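The structure appears right after this line, and notes come after that.
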Amino acid sequence: MNNIKVVMKNLILVLAFTAIITDGFAQNNPKLDSLLNAIKKYDADKEESGRMSFSQNDSVKANMEDRLGELYLKQSKFSEALQNFESALRIQKAIRDKNGMAISLTNLGRLNETMNVFQPALDYDLSALETRKAIGNTLDIAKAYDFVAQDYENLRQNRMALENYDNALKNYLHTTDLSRTAKCYHNIGRVYVMIKNTDKALESEHKGLRIAEEIGDSVLEKRINNSIKEINKK
């Protein structure tokens, strides 16, 4: 009898989990189908009009390809996401849309990171960083440095990670994004621990903590306080 109860309990859990997954896909499918249909219509209209070369109007299709890729990435459909991101990037390069290029390159970086293919992720993120620098938006440059730093962490190149987190911080300090600034201080603290510089680690963590307290980010406060406790034990 007990075995039957255990089996039934496990079956209920499996069914519940399946329902959650199915519901999640159901929520994404209307968006996905809508984008697929919009891209097909765009291609058909372009073919009918006889426009074969790329023009600025094609930025609309590139944006749809990126959004479609993001939906596929959420569903772990990596080959489909790759196809859409690469298609978007080809269009953005052809029409010389730097902002669009940076978005597509970053998407490709995140895709490769999700697949645990870290060197290609770094290559894409470095290209995105250079593109962001050419555009000149400080916040976007900071976020691009953040992604590069994460890639170096994944590759276990901690000093390069630290250098890029430092560059991210320098840019965040020229923005009003206090949340990302605090997180960056925390990331710098983490990497200092990895290279066994606990004094610098504590200094950075405390700076991040002050900002987290200022903006009322209790989750980040808790995370940083835990890090400080672990550093003090060392």
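The values are calculated or read from the model by the stated rules, or taken from the named source; none is laboratory data. The structure presented is a predicted model; accordingly, all values stated were derived computationally and were not measured. Glycine gets a Cβ as well: all are built from the backbone with ideal geometry, and neighbour counts include every protein chain shown.
The table that follows gives values for the structure above.
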quantity: One residue from Lys77, Lys98, Lys143, Lys93 being in the same structural domain as Thr176 (by TED's automatic domain parsing) and modelled with pLDDT of 95 or more; calculated: Lys143
quantity: Residue within the range 115-125 that is closer than 19 Å to Tyr172 by Cβ, outside the structural domain of Gln157 (by TED's automatic domain parsing) and small (Gly, Ala, Ser) present; calculated: no
quantity: Qualifying residue in the range 211-224 (condition: of a type in the set (Val, Ile, Thr), assigned to a helix (DSSP H, G or I) and free of Cβ contacts under 8 Å to residues at least 12 places away in the same chain); calculated: yes
quantity: Qualifying residue in the range 95-107 (condition: more than 14 Å from the chain's Cα centre (by Cα), in a helix (DSSP H, G or I) and without any contact (Cβ under 8 Å) to a residue 24 or more places away in the chain); calculated: no
quantity: Only one of Gly189, Gly216 that is among the small types (Gly, Ala, Ser) and out of contact with any helix residue (DSSP H, G or I) (no Cβ under 9 Å at 6 or more places or on another chain); calculated: Gly216
quantity: Residue count, the range 41-78 (criterion: of a type in the set (Asp, Glu) and more than 14 Å from Leu108 (Cα to Cα)); calculated: 5
quantity: Meets criteria (out of contact with any His (no Cβ under 7 Å at 6 or more places or on another chain) and without any contact (Cβ under 8 Å) to a residue 24 or more places away in the chain) for Ser34; calculated: yes
